[in-house]
Amino acid sequence: MLRIGVLVSGGGTNLQAIIDGVEAGRITNTEICVVISNNKNAYALERAKKNDIPAVCLSPKDFEERKFYNEALIQTIDSYQVDLIVLAGCMVILPPELIQKYRNRIINIHPALIPSFCGTGYYGLRVHEKVLERGVKVTGATCHFVDEGTDTGPIIAQKAVEVLEGDTPEILQRRVMEQAEWIIMPQAIDDIANGRNKIFGTK
Ligand code: GAR
């Protein structure tokens with residue numbers, strides 16, 4: 001059984017896609033052991049509680065120094081003995097020690113086709129604003145392993161989504177979620193859980 005910990009910051013629709021995937025048998029051999037949010041108001045925490053998944057809030061604001069937050073985050077993740085950390089709309093910069101300790105055991109979903117529209121400053125709705133500003137006709141989402149860079153780790157899966165006339169950032173965001181994010185991330189977890197990903201866990 002693959003034990004996963006999901007890190008969130010907001011609405012948690014990607015978390016929901018994972019919960020639904022496990023429930024429906026699209027993701028097998030997987031247990032969601034904990035959901036951790038840096039934001040106490042994140043609706044993702046409610047989604048976890050509704051599904052009897054331990055929901056933990058750890059905010060850097062509640063710690064005097066960043067290093068104490070980093071230590072608490074690592075300790076919490078370790079205490080649930082997770083095999084895979086899933087960043088599902090997680091907006092905190094992870095401690096380098098965590099990335100090193102969980103080398104090729106952390107995956108992220110990014111709302112664009114990496115290496116386009118990624119890196120520092122590209123997150124959430126902003127990504128779609130930039131896509132529309134630039135006038136590109138195809139965007140999408142990328143699921144990738146997390147390394148010390150921003151959106152630079154090995155790519156696991158990508159799916160393209162059309163940009164349509166009249167799109168607003170919100171409309172485009174929803175289409176990218178529905179047609180790409182909620183599909184490729186659960187699929188990546190199922191692949192990892194069933195030994196079909198060769199990078200998972202390598203040093
Ligand atoms: C998603 O679109 C995800 O791709 C994005 O934040 C949103 C979270 O939505 N993540 C990033 O931008 C990370 N760089 P959700 O809370 O409803 O899953």
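Using a Gaussian network model of the chain in which every pair of alpha carbons under 10 angstrom is joined by a spring, one finds that among Glu31, Glu46, Glu23 the greatest mean-square fluctuation is at Glu23.
Beta bridges per DSSP, both residues in the chain: antiparallel share near 40 percent.
Restricting the calculation to Cα atoms, the range 1-96 shows an Rg/Rh of 0.96 when the hydrodynamic-style radius is the Kirkwood one. Residues within the reach of a label modelled at Lys137 (point 7 angstrom out along Cα to beta-carbon, backbone nitrogen below 16 Å), restricted to the range 146-179, are 160-167. Placing pseudo-labels 7 Å out from each Cα toward the beta carbon at Asn51 and Gln100 gives an inter-label distance of 3.3 nm.
Label-to-label distance, Ile93 versus Ala24, with points set 7 angstrom from Cα along the beta-carbon direction: 3.7 nm. Which links in Lys101/Lys203; Lys67/Lys203; Lys61/Lys130; Lys61/Lys101; Lys50/Lys159; Lys101/Lys159 stretch past 20 Å when you go from one Cα to the other? Cα-Cα > 20 Å for Lys67/Lys203; Lys61/Lys130; Lys61/Lys101; Lys50/Lys159; Lys101/Lys159; rest within. Within the chain, the proportion of C-alpha pairs whose separation exceeds 33 Å stands at 10%. Computed about the Cα centre, the dipole magnitude for the chain is approximately 240 debye when only Lys and Arg (+1) and Asp and Glu (-1) carry charge, each at its Cβ. Please work out whether the range 36-79 counts as rounded, prolate or oblate from its C-alpha gyration tensor, where a ≥ b ≥ c are the square roots of the eigenvalues and a/c under 1.5 means rounded, while otherwise a/b larger than b/c means prolate and anything else oblate? Oblate shape, in that a/c is at least 1.5 and b/c is the bigger or equal ratio.
Taking Leu45, Leu58, Leu15 in turn, the Gaussian network model of the chain (Cα-Cα springs below 10 Å) assigns the largest fluctuation to Leu58.
Rule-based calculations on the coordinates, nothing more; no lab input. Fair warning: this is a prediction, and the values are worked out from it, not measured in the lab. Glycine also receives a Cβ, built like all others from the backbone with ideal geometry; neighbour counts cover every protein chain displayed.
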